[in-house]
Each structure stands twice: as C-alpha cells, then as structure tokens.
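Structure first, commentary second.
The values are calculated or read from the model by the stated rules, or taken from the named source; none is laboratory data. Nothing here was measured: the structure is a model prediction, and the numbers come from that model. FYI the Cβ positions are ideal-geometry reconstructions off the backbone, even for glycines, and counts take in every protein chain you see. We work out accessible area using only protein heavy atoms, side chains counted, and drop any ligands, DNA or RNA first. Shrake-Rupley method; radii C 1.70, N 1.55, O 1.52, S 1.80 Å.
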Amino acid sequence: MHRGDLLDGLPALAAQAPAGATLVVYHTSVLSYVSVDKRRQFAATVAGLGAVWLSNESPGVIPDLHVPPYDGSPSVLARDGRTTLAFADSHGTWLHWL
C-alpha cells in the first residue's frame, strides 16, 4: 500500500519494483472518486507500465469494461480494464468467480 496521487505518483512508485518482478496495480473503490477523463488517464498510465491491473469497482466505473448481467449491486473485479473476473464485495471481502 502506498499513499500518493493516483496519476502523478504511480510511475515513480512502479519504478521501485524489482527488475524481473511482475508489477501488479490493485485498487478497490477508488476510481469512482475521479472524473471519467482521469479514469482513462489512469488506465493508460497502468498500461504504459506493463503492469497487471486488477480493479474492484462498481459496474460502469471502468470505462469500456463489459460487465455481464448480475443480481444486486456487487463490485466488479477486472483485469487490465478488459476482462471481468468476478463479482465481489466493494473491498474484496467475498468473491464470486465468473
């Protein structure tokens, strides 16, 4: 866990990862607090890092992510902003793998 700016601090933080390590950027219920433009900027930043991006956000928060039909209002666990992996509690307390 690291405290910092969502967009400005991420590249410097990622640069601290050991060479050869798989960099994983994971967050829960964060992107709903920023504009759609900043969400897209974040997605582009993570993609530019070559990282695995795991997000756990409410349906509709990750731009262009297809979410299958669901019951209730769970969050969506997704990889790289493209693949829906599971429905989940908003902070990952439980998962229902798809």
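Here are the numbers:
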{"quantity": "Cut-off 16 Å, label 7 Å out along Cα→Cβ of residue 79, residues of the range 1-37 by amide N", "calculated": "22-27"}
{"quantity": "Residue 26 long-range amide H proximity, modeled H, under 5 Å", "calculated": "54"}
{"quantity": "Percent carbon-and-sulfur accessible area, the range 13-98, ignoring ligands, DNA and RNA, probe 1.4 Å", "calculated": "54 percent"}
{"quantity": "Base-10 log of normalised Debye intensity for the chain (one unit scatterer per alpha-carbon) at q = 0.11, 0.12, 0.24 Å⁻¹", "calculated": "-0.32, -0.38, -1.34"}
{"quantity": "Residue-averaged 222 nm ellipticity for the chain, from DSSP H runs of 4+ at -39500 (n - 2.57), nearest 500", "calculated": "-5500 deg cm²/dmol"}
{"quantity": "Accessible surface, per residue, of the range 1-68 when the full set of protein chains is kept, probe 1.4 Å, Å²", "calculated": "62 Å²"}
{"quantity": "The chain: antiparallel DSSP beta bridges as a percent of all, rounded to 5", "calculated": "70 percent"}
{"quantity": "Degrees, to the nearest 10: 36-49 long Cα axis against longest axis of the chain", "calculated": "50 degrees"}
{"quantity": "Calculated FRET efficiency for the pair residue 86/residue 29, C-beta based, R₀ 22 Å, to 0.05", "calculated": "0.90"}
